[in-house]
1. Mind checking whether some residue in the stretch 176-197 is among the aromatic types (Phe, Trp, Tyr), open to solvent by less than 50 Å² (accessible area, probe 1.4 Å), closer than 18 Å to PHE58 by Cβ and touching a helix residue (DSSP H, G or I) at 6+ places or on another chain (Cβ under 7 Å)?
2. Is it the case that some residue within the stretch 218-236 is assigned to a helix (DSSP H, G or I), within 22 Å of GLY92 (Cα to Cα), open to solvent by less than 10 Å² (accessible area, probe 1.4 Å) and not small (Gly, Ala, Ser)?
3. So, in the stretch 147-160, of the ones that are open to solvent by less than 10 Å² (accessible area, probe 1.4 Å) and in a helix (DSSP H, G or I), which residue ends up nearest to LYS70 (Cα to Cα)?
4. Please go through the stretch 32-48 and pick out each residue that is touching a Leu at 6+ places or on another chain (Cβ under 9 Å) and either exposed (fewer than 15 other Cβ atoms within 10 Å of the Cβ) or not polar (S, T, N, Q) (or both).
5. Out of LEU172, LEU196, report the one residue that is assigned to a helix (DSSP H, G or I) and over 28 Å from LYS136 (Cβ atoms).
6. Might you check whether a residue that is modelled with pLDDT of 90 or more, in a helix (DSSP H, G or I) and closer than 23 Å to MET218 by Cα occurs anywhere in the stretch 22-36?
7. For a quick check of your reading of the model, give me the residue pairs whose first member lies in the stretch 214-240 and is without any contact (Cβ under 8 Å) to a residue 60 or more places away in the chain, whose second is open to solvent by 50 Å² or more (accessible area, probe 1.4 Å), with beta-carbon atoms closer than 9 Å and at least 6 apart or on different chains.
8. Could you check the stretch 210-249 and list, in sequence order, the residues that are over 15 Å from the mean Cα position of the chain (by Cα), small (Gly, Ala, Ser) and under 29 Å from PRO44 (Cα atoms)?
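The values are calculated or read from the model by the stated rules, or taken from the named source; none is laboratory data. Small disclaimer: the values here were computed from a predicted structure and weren't measured. Please note: Cβ atoms are built from the backbone with ideal geometry, for glycine as well, and neighbour counts cover all protein chains shown. Side chains are part of the model used for accessible areas, which takes the heavy atoms of the whole protein and leaves out ligands, DNA and RNA. Shrake-Rupley method; radii C 1.70, N 1.55, O 1.52, S 1.80 Å.
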Amino acid sequence: MELLLDPSQWLILAAIGLIAGFVDAVVGGGGLLSIPALLTLGVPPHITLGTNKLAASFGSSMAALTYYKKQLFNPNLWRNAFFATIVGAVLGTLAVYIVDSQWLEKILPILVVTIAIYTLVKPGAMGCDECKPPKKPKNKIQQWLQGLPLGFYDGFAGPGIGAFWTISNTALYKMPILYSCGLARAMTFTSNTTSLLAFLYLGQVNIKIGLLMGFCMMIGSFIGARSAIKFGLPFIRPLFITMVLLITAHLVWSAWF
């Protein structure tokens, strides 16, 4: 699909991509900015989702690479989560075309606001300074039980996926916050890329817009990941809670009003 955009609209998309990449690299939730922007330009919903996956794949790849280079993510420990996320993302992307999404739209705000409340009342929900970095592969069954539904969700919808990964990482594996962020970004990259391939096959991606936003998301993700690593939990936690609350408000408005 070709859209005739004027220079100011391209500039807006670039700025949104930069901010979305920054937010995504730290806590996730960049789609809360990029998806409404694409819809506002008149991009059809399925093409919006596919184009956002193209852009998000660039951003999440940069974030994941940054955490990896800082030795905050070890791929060898998470092979089962990787394969589970791929399977889930494929199923989720295909389900977009065959499943009525109304039930998911109704229940999502409840799930996300639960995360917000849980994070507020339990300071260690996102990770803790006392937790030790993972040194060996975690339980295979746990990795599949985590990666499969989260991969499916990211392929099917995606809002708040970073929050779901971060919270579940801490609950399942008792990981320090930066290691949890590293795993979350790597698995989000996995589901983004897998879902993108499915959308490309189905012809539901605007390449030009996706590449522009993707390049800007890469820059934002590089800055965001570096900021998270430098400033740690005091920087990440308030931004995380803010984004979760914004995602909740957005989902409540979309689903109920």
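1. Start the filter on the stretch 176-197 by keeping residues that are among the aromatic types (Phe, Trp, Tyr), which leaves 179, 189.
Checking which are open to solvent by less than 50 Å² (accessible area, probe 1.4 Å) leaves us with none.
The answer is no; no qualifying residue exists.
2. Filtering the stretch 218-236 for residues assigned to a helix (DSSP H, G or I) gives 218-231, 233-236.
From what is left, the residues that are within 22 Å of GLY92 (Cα to Cα) are none.
So far as the stretch 218-236 goes, no, none of its residues is assigned to a helix (DSSP H, G or I), within 22 Å of GLY92 (Cα to Cα), open to solvent by less than 10 Å² (accessible area, probe 1.4 Å) and not small (Gly, Ala, Ser).
3. By that ranking, first place goes to GLY147.
4. Within the stretch 32-48, LEU32, ILE35, ALA37, LEU38, LEU41, GLY42, VAL43, PRO45, HIS46, ILE47 meet the criteria.
5. Result of the check over LEU172, LEU196: LEU196.
6. Within the stretch 22-36, the first condition is being modelled with pLDDT of 90 or more, and the residues that meet it are 22.
Pick out the ones that are also in a helix (DSSP H, G or I) and you get 22.
Retained after the next criterion (residues that are closer than 23 Å to MET218 by Cα): 22.
Within the stretch 22-36, one or more residues are modelled with pLDDT of 90 or more, in a helix (DSSP H, G or I) and closer than 23 Å to MET218 by Cα.
7. GLY232/ASP129
8. Passing the criteria: GLY210, ALA249.
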